[in-house]
Structures are given as structure tokens and as C-alpha cells.
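Chemist: Below: one structure in C-alpha cells.
The values are calculated or read from the model by the stated rules, or taken from the named source; none is laboratory data. Please read all numbers here as calculations on a predicted model, not as lab measurements. Neighbour counts run over all protein chains shown; Cβ positions are idealised from the backbone, glycine included.
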Amino acid sequence: MKCFKRHSSGLSFLSSLLGFLAIIGAAQAQTNVYPIAVSADVVSSVAPGTVIMDIFNGAKHGNFGWLSWSGDTSESALVASLTAPGNASTFTNPADPTDHALSVGDWVRGRPGASNGIGVRDALDALEDSEIILPVWDMVTGSGASAAYHISGFAKVQIKGYRLPGQNRITVLFMGVFDNPAGDDGGGDGDGGPGV
């Protein structure tokens with residue numbers, strides 16, 4: 001019986017350790033994800049390696065493509081979310097307030113209006129030419145401050161430039177769509193190509 005108890009304790013420790021590592025893995029998958037909505041229509045027929053001149057496209061009146069992980073629509077919250085390594089770990093699904101793990105099938109609150117403050121521009125400048133992950137959406141509900149985007153995938157991109165005043169445009173090098181926010185082949189279509 002003692003032998004079984006030791007073995008059971010070892011299994012309990014191993015189970016706890018695996019649970020802890022899963023939490024760390026989930027937290028790491030939440031980094032490098034930034035709050036810029038990309039329409040599935042924009043990336044569905046684009047091959048990896050293609051430059052997309054304008055991915056900055058929200059839906060509904062009053063939304064330009066910015067997202068809010070926590071529901072805070074202030075410009076300072078947007079700047080914090082755009083600052084590396086990102087803070088998608090603050091995500092709360094507006095359709096399920098107990099869901100804090102950003103994944104395909106979730107809803108993400110939209111941030112109304114265009115933002116062109118120096119903090120936003122500085123954050124975008126710092127992200128230029130880095131591989132980042134952006135949520136891909138296929139449906140939207142509501143408008144303005146109540147808009148929410150349904151996540152169908154995650155696009156890996158490099159920001160190549162932007163024009164916020166007047167044109168509201170963000171240009172990226174498209175690297176593929178994935179089924180998880182880590183931007184890897186950990187599931188889903190697995191080829192890095194259009195999977196939405």
C-alpha cells in the first residue's frame with residue numbers, strides 16, 4: 001500500500017506540474033497577439049508571402065478595426081495592447097465573461113473610432129517588421145461601442161507601414177492564418193495558408 005501511495009503522490013505532483021505548464025503555455029500563446037481586426041474576406045484567398053496593402057478594416061458604422069481585449073475602449077488601453085509583447089492575457093469574452101483564453105470561436109469587443117495619437121503611432125512603429133499575430137474575424141454583431149467580432153483564426157503578419165490620418169490603412173506582409181494564437185501548426189489547417 002505504501003508503494004501505491006508514493007506512486008499516487010508522484011502522479012499527483014506530475015498532474016499538478018502538467019497543469020501548471022499548460023497555464024504557462026496558454027499565457028505564452030496569448031503574447032504577441034495584437035488588437036487589430038482582420039476580415040476573413042481579406043485573407044481567405046491570399047497566399048503567404050503576399051503584401052496586403054490594407055488590412056485595417058473593421059465592420060459596422062463607427063469601427064475601424066481596433067479591438068479591446070478587456071472592454072476598455074480608451075486610447076491608453078489601446079496603446080498598452082499595441083505595446084510588445086501585447087496584453088491579450090487581459091482578454092474577456094463579451095459573450096462569456098468567464099472565458100479569458102483568446103481562441104477561435106470567441107467574441108472580442110470592438111473599439112469605436114479611429115485612433116491616431118502619438119502613443120498609437122509609436123507602438124505601431126515599434127512593431128514594424130516584427131512577426132505578430134492578429135485576430136481574423138468572420139462575423140460582427142452590434143456597432144460603435146457595442147460591436148463584437150467573432151474570431152475565426154489568427155493571421156501571422158509583419159507590419160510594413162501604415163497611414164492612420166485620413167486613409168486609416170495598415171500594410172502587412174501576410175504569413176498565413178492559423179487556428180491558434182501562437183501562430184503555429186499546433187492544430188487546425190496546419191499549412192499556414194488560408195484556413196478561415
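Chemist: With the requirement that a residue be outside any helix (DSSP H, G or I) and under 25 Å from VAL51 (Cα atoms), what does segment 111-120 give you?
Modeler: Selection gives ALA114, SER115, ASN116.
Let's see how each residue does on (1) within 24 Å of ASN168 (Cβ to Cβ); (2) surrounded by fewer than 18 Cβ atoms within 10 Å (Cβ to Cβ); (3) of a type in the set (Val, Ile, Thr):
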| site | (1), (2), (3) |
| --- | --- |
| GLY71 | yes, yes, no |
| SER74 | yes, yes, no |
| LEU78 | yes, no, no |
| GLY86 | yes, no, no |
| ASN93 | no, no, no |
| ASP99 | no, yes, no |
| ASP106 | no, no, no |
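Chemist: Let me ask something additional. Within segment 131-157, which residues are of a type in the set (S, T, N, Q) and over 14 Å from the mean Cα position of the chain (by Cα)?
Modeler: THR141, SER143, SER146, listed by residue number.
Chemist: While we're here: Return the residues of segment 121-170 that are at pLDDT 90 or above, assigned to a strand (DSSP E or B) and basic (Lys, Arg); say none if nothing qualifies.
Modeler: LYS156, LYS160
Chemist: Within segment 51-75, how many residues are modelled with pLDDT of 90 or more and under 26 Å from THR98 (Cβ atoms)?
Modeler: 9
Chemist: Within segment 84-101, which residues are in a loop (DSSP other than H, G, I, E, B) and of a type in the set (Val, Ile, Thr)?
Modeler: Within segment 84-101, THR92, THR98 meet the criteria.
Chemist: Kindly indicate which of VAL42, VAL108, VAL79, VAL104 is assigned to a helix (DSSP H, G or I) and touching a residue at least 40 places away in the same chain (Cβ under 8 Å).
Modeler: VAL79
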